[in-house]
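Please treat every number below as a calculation from the coordinates, not as lab data. As the structure is a prediction and not an experimental result, all values here were calculated from the model. When we count neighbours, we look across all protein chains shown, and the Cβ atoms used for this are built from the backbone with ideal geometry, even at glycine.
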Amino acid sequence: MLRLDELQNNFKGKLALNEMMSKHTSFCIGGPADLYAEPNDKNDSLALLSFLQEQNISFTILGNGSNVLISDDGLRGVVINLESGMNTISYENAKHPPLEDNFVIVESGVMLNRFVDFCIQRELKGVEMLAGIPGTIGGAIRMNAGAHGGEISDFIFDVEVIREKQFQTISKEEAQFKYRSSGLRKDDVVVGARFQFPMGNKEEMIVMRKEMLKKRNATQPLDLPNSGSVFKNPKPQYAAKLIEECGIKGMRIGNAAISEKHANFIVNLGGAKANDVLSLMKLAKKTVKEKCNVDLELEVKLMGFREEELVGVYS
Ligand SMILES: Cc1cc2nc3c(=O)[nH]c(=O)nc-3n(C[C@H](O)[C@H](O)[C@H](O)COP(=O)(O)OP(=O)(O)OC[C@H]3O[C@@H](n4cnc5c(N)ncnc54)[C@H](O)[C@@H]3O)c2cc1C
């Protein structure tokens with residue numbers, strides 16, 4: 001049982017009861033969270049997480065909600081949104097000291113586009129290929145977000161997490177980044193990270209960013225709510241190509257559809273239910289298995305579904 005009055009004594013950020021998750025996901029889908037919290041800063045996050053763990057109350061971390069599908073029944077326990085409060089970004093040392101002294105220090109709520117721009121303005125080369133990914137640093141680190149052959153982990157030096165009720169620094173090696181995933185523990189909460197970059201040419205990076213954004217606009221259904229790529233690419237193949245070859249591009253269930261523009265995207269045509277999207281995910285997975293003998297693995301994180309609802313989506 002959540003002691004709200006007790007929590008309010010220890011917490012400075014925003015709290016809301018029964019907040020609709022559809023307001024916080026790029027899919028515009030998701031029912032109410034029992035309690036929704038936006039910590040003001042990392043100490044506020046630590047106080048909240050310590051309180052919840054002591055009280056044995058379950059929690060879910062949300063960044064910008066751009067890689068999740070949340071059930072229409074919503075989420076039990078507390079949803080902690082790190083997007084709004086933890087937003088600082090800084091550059092330690094000037095341009096010329098040895099590379100190992102040059103750190104970009106970023107808090108988990110910083111949006112990737114701002115991070116990319118910050119680096120470009122300082123001629124720090126490497127993350128411009130991430131332009132247009134609508135996530136936070138925390139979500140991008142958890143997911144090891146990437147595009148066009150690069151990943152956010154390429155430039156990470158270390159990651160700061162809240163683990164076992166304290167701040168801990170995790171080296172890049174320990175974080176064990178893989179394609180669209182990390183080896184961070186399930187309950188680790190990323191509060192920030194330090195990055196190191198080689199120097200680059202600002203004009204070239206601006207051109208690269210422009211090209212990346214143009215490509216996204218041309219190939220992704222950015223006019224409709226979605227959650228990015230639904231499945232990981234079963235390398236060396238592409239999930240979108242396999243789904244398209246199976247002839248289910250454009251397939252519609254309720255108000256959700258497999259995008260006509262990019263077959264690895266599911267779009268919300270307006271008022272789609274989480275179960276419509278889930279059914280399309282299962283359909284795509286089953287069809288690709290039957291016709292191409294490939295097991296697609298979900299990239300999007302499913303939250304708040306009952307076990308029986310998930311049959312057919314993971315295996
Ligand atoms: C139009 C579109 C295009 C996209 N293109 C790409 C792309 O090119 N490449 C790519 O990799 N992704 C892409 N994505 C997916 C998504 O934007 C990325 O995965 C992004 O990094 C997720 O960040 P987020 O803050 O939205 O995380 P969320 O969606 O809020 O969360 C994702 C997961 O990370 C966890 N999490 C979030 N913050 C933290 C934290 N601080 N600590 C611990 N765990 C946390 C959540 O619990 C959840 O499990 C795209 C999405 C959209 C909608």
About its Cα centre, segment 4-81 carries a charge dipole, from +1 on Lys and Arg Cβ atoms and -1 on Asp and Glu Cβ atoms, whose size in debye to the nearest 20 is 200
Explain nothing, just the number: relative contact order of segment 89-206, from Cα pairs under 8 Å at least 6 residues apart, as a whole percent. 31
Mind scanning Lys12/Lys165; Lys215/Lys241; Lys14/Lys282 and naming the pairs with a C-alpha gap bigger than 28 Å? Lys14/Lys282
Would you calculate the separation in nanometres between label points at Lys214 and Asn10, each defined as 7 Å from the Cα along the Cα-to-beta-carbon direction? 5.3
Magnitude of the charge dipole, the chain, Cβ model with Lys/Arg +1 and Asp/Glu -1, debye to 20: 900
Using only Cα atoms, what Kirkwood radius does the chain have, in angstroms? 20.4
At 222 nm, what helix-only mean residue ellipticity would the chain give, in deg cm²/dmol to the nearest 500, using -39500 (n - 2.57) for each DSSP H run of four or more? -8000 deg cm²/dmol
Which is farthest toward the positive dipole end of segment 126-255 among Pro198, Ala147, Gln168, measuring Cα position about the Cα centre, with Cβ charges +1 (Lys, Arg) and -1 (Asp, Glu)? Ala147
Structure shown: which of Lys210/Lys291; Lys125/Lys261; Lys214/Lys289; Lys23/Lys232; Lys23/Lys202 lie over 29 Å apart, alpha-carbon to alpha-carbon? Lys210/Lys291; Lys125/Lys261; Lys214/Lys289; Lys23/Lys202
Local charge sum around Lys273 (other residues, Cβ-Cβ under 13 Å, Lys/Arg +1, Asp/Glu -1)? -3
Could you put Asp41, Asp295 in order, starting from the residue whose Cβ has the fewest other Cβ atoms within 10 Å? Asp295, Asp41
How high is the relative contact order of the chain, in percent, with contacts defined as C-alpha pairs under 8 Å that are six or more residues apart? 16
What aspartates and glutamates could a cross-link reach from Lys273, if we take a straight Cα to Cα line under 20 Å and drop same-chain neighbours fewer than 8 places away? Glu19, Asp34, Asp72, Asp73, Asp223, Glu260, Glu299, Glu307, Glu308, Glu309
³J(HN,Hα) across segment 24-41 via Karplus (A = 6.51, B = -1.76, C = 1.60, θ = phi - 60°), whole Hz, x for Gly/Pro? 10, 10, 5, 6, 6, 10, x, x, x, 8, 3, 9, 10, 10, 10, x, 6, 7
Leu124's amide H: which non-local residues (gap 5+, or another chain) put their own amide H closer than 5 Å, with H modeled 1.01 Å from N in plane and none for Pro or chain starts? Gly200
Tell me, what HN-Hα J-couplings in whole Hz come from the Karplus equation 6.51 cos²θ - 1.76 cosθ + 1.60 at θ = phi - 60° for each residue of segment 148-153, using x for Gly and Pro? 6, x, x, 9, 4, 5
Interchain or long-range residues, amide H under 5 Å from Phe157's placed H: Arg194, Phe195, Gln196
Rounding to the nearest 20 debye, state how big the charge dipole of segment 89-206 is about its Cα centre with +1 on each Lys and Arg Cβ and -1 on each Asp and Glu Cβ. 320
Given springs between every Cα pair under 10 Å in a Gaussian network model of the chain, which of Thr60, Thr219, Thr25 has the largest fluctuation? Thr219
